[in-house]
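The block underneath contains the structure these notes are about, expressed in structure tokens.
Derivation of every value follows stated rules applied to the coordinates shown; laboratory data play no part. Note that this is a predicted model, so its numbers are computed, not measured. Ideal geometry is used to build each Cβ from the backbone, glycine not excepted, and the neighbour counts take in all protein chains shown.
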Amino acid sequence: MSISKRFFKVNEMKSAIILLLSCHISIALAENVAYHVWNNPIPEKAVGNPGQTCSVPKGKTFGDVMDLAALKNPQGYGFNFTRFDFGRMITSIGGVSQDPGNGLYWMLFQLDDEPKPENPPTRKNLASYGVDGMIIERDDIFLFWLTNMGHASPK
Ligand SMILES: *[C@@H]1O[C@H](CO)[C@@H](O)[C@H](O)[C@H]1NC(C)=O
């Protein structure tokens, strides 16, 4: 799916904002990655934080996309992390921290379509790796969502 197609799927005002925030870097063989952030349970639109599209060279990771997005829009996409052997674990995004006391963690989802609040992703959309292990291989769509989904205790 081309970027322009993605832009026209959302309403005009939102697409104008996305265009403004887009971090375009002209690199040959780049992959276009859509990156969304939802607070719990408020979708990004309600917090004035529309999705961002970043271009990164082939072989880069989603962690690289996050670094780029944070550079372009520190208020919406800045983040804190704890570093482990496998890479960074995200503890806060846009000034909103995880909340282990209430079972809320920043969870990464890898999606086939733009995320919709009325049809939110499920556990099967959880990304298989941490941000620094997710190699961008195609026009990916990622969502970071502050949710208890991944850590909910079995019923
Ligand atoms: C990083 O953590 C500090 C301390 O908890 C917090 O004040 C700040 O808002 C966080 N930054 C981001 C970008 O989430």
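Things worth noting here:
- Length available on full extension from ASP112 to LYS58: 0.36 nm per residue minus the Cα-Cα distance, which gives 17.6 nm.
- Remark: the stretch 69-155 is approximated by an ellipsoid whose semi-axes, taken from the C-alpha gyration tensor as √(5λ), come to 19, 18, 15 Å, largest first.
- Ascending count of other beta-carbon atoms within 10 Å, so fewest first, for MET134, MET149, MET66: MET149, MET134, MET66
- In summary, the aspartates and glutamates within cross-link reach of LYS116, defined as a Cα separation below 14 angstrom excluding same-chain residues under 8 places away, comprise GLU44.
- Which of SER128, SER92 has the fewest Cβ neighbours within 10 Å, and the rest in rising order: SER128, SER92
- Under the Karplus curve 6.51 cos²θ - 1.76 cosθ + 1.60, θ = phi - 60°, whole-Hz ³J(HN,Hα) for the stretch 60-65, x wherever Gly or Pro sits: 6, 9, 5, x, 5, 4
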